[in-house]
Every structure is written in structure tokens, then in C-alpha cells.
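Only one structure is covered here, and it is reproduced in the block below.
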Amino acid sequence: MENIELAEALFAAFTRGDENAVRGLCTTDLQAIQNYGRPMSIDSLLKFSMAVHRIVDDFRYEEVIRTATTDGFVEEHSVRGTLPDGSELKLAACVVAEVKQGKISQLREYLDGSAAVGLIRALS
């Protein structure tokens with residue numbers, strides 16, 4: 001699978017809330033980092049992702065721009081959906097990924113923290 005296809009498959013799996021598909025696309029020692037925070041394992045990333053998926057209705061990615069790199073991909077997108085209080089989630093994000101031997105080994109996500117306030121509050 002090419003790097004762009006990996007990106008497409010990964011975010012489609014996150015949209016569906018398909019933990020098994022995400023695991024299948026990533027190395028077992030995946031490291032995921034959000035805004036220079038502490039690295040998360042695949043288990044921690046999935047726990048966070050599924051928590052978001054449970055509370056955000058109509059979770060989706062829009063305005064997607066995908067670019068292959070020599071060792072992975074970059075994806076820019078807006079995370080969209082409806083928060084439990086009825087407000088709209090619109091969160092700009094950029095994800096930089098490294099791919100090793102056909103699997104995603106590292107994800108570095110950079111997002112607009114001010115736009116995430118409602119999501120963080122809903123997760124608390």
C-alpha cells in the first residue's frame with residue numbers, strides 16, 4: 001500500500017471507529033504525539049480516539065489535503081462533528097506520519113488548541 005493509501009485508510013478507519021483496522025495499519029510500537037505532548041502508544045491513541053468517537057456525533061474529516069513524503073505522509077484536515085452540548089466541532093489539524101515497512105510507525109498531530117476547548121470539556 002502506498003503512503004497516500006495508508007493515510008486514506010487510517011482516517012477512514014478513525015471515522016468508522018474501527019480499532020482493528022487502525023491496528024492493522026500501524027506498527028505495534030507506534031508512537032502518537034499531539035502538540036508536542038507525551039507520546040501515546042497504539043492502545044492509548046485508540047482509547048482516546050474511541051472516547052472522542054463516542055461523544056462526537058457525525059464525526060468526520062473535511063477539507064482534506066494529503067501529501068506523500070519519502071518516508072510517510074502529511075495530512076491536513078478539519079475534524080468536524082457535533083459535541084454533546086449541541087455545539088459544532090471544527091478543529092483544524094495537521095498530521096505528520098512516518099511509515100516503516102508498509103505500516104505507520106509514528107503520528108505527530110498538530111491542532112488548534114483553542115478550537116479544541118469544547119471537545120476537551122466534553123471529554124472531562
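Of Ile104, Ile120, Ile65, Ile33, which residue is in a strand (DSSP E or B) and without any contact (Cβ under 8 Å) to a residue 60 or more places away in the chain?
The match here is Ile65.
I'd like to check something: does the range 59-76 contain any residue that is within 12 Å of the chain's Cα centre (by Cα), of a type in the set (Phe, Trp, Tyr), modelled with pLDDT under 95 and at negative phi?
Yes, because at least one residue in the range 59-76 is within 12 Å of the chain's Cα centre (by Cα), of a type in the set (Phe, Trp, Tyr), modelled with pLDDT under 95 and at negative phi.
Which condition number in (1) among the small types (Gly, Ala, Ser); (2) out of contact with any Lys or Arg (no Cβ under 7 Å at 6 or more places or on another chain); (3) surrounded by fewer than 16 Cβ atoms within 10 Å (Cβ to Cβ); (4) part of a helix (DSSP H, G or I) is the one that Gly86 fails?
It is condition (4) that Gly86 fails.
Here are the criteria: (1) surrounded by 13 or more Cβ atoms within 10 Å (Cβ to Cβ); (2) under 21 Å from Asp112 (Cα atoms). Tell me which single one Leu30 does not satisfy.
Exception for Leu30: condition (2).
Between Arg80, Arg54, which is outside any loop (DSSP other than H, G, I, E, B), under 26 Å from Thr27 (Cα atoms) and of a type in the set (D, E, K, R)?
Just one listed residue meets the conditions, Arg54.
Mind listing whichever residues of the range 19-30 are assigned to a strand (DSSP E or B) and free of Cβ contacts under 8 Å to residues at least 60 places away in the same chain?
Thr28
Taking the stated definitions as given, is Asp85 within 22 Å of Ser124 (Cβ to Cβ) and free of Cβ contacts under 8 Å to residues at least 40 places away in the same chain?
Yes; evaluated as a whole, the condition is true for this residue.
The values are calculated or read from the model by the stated rules, or taken from the named source; none is laboratory data. Everything quoted here is computed from the prediction, not taken from an experiment. Every residue, glycine as well, gets a Cβ built from its backbone with ideal geometry; the counts of neighbours run over all protein chains shown.
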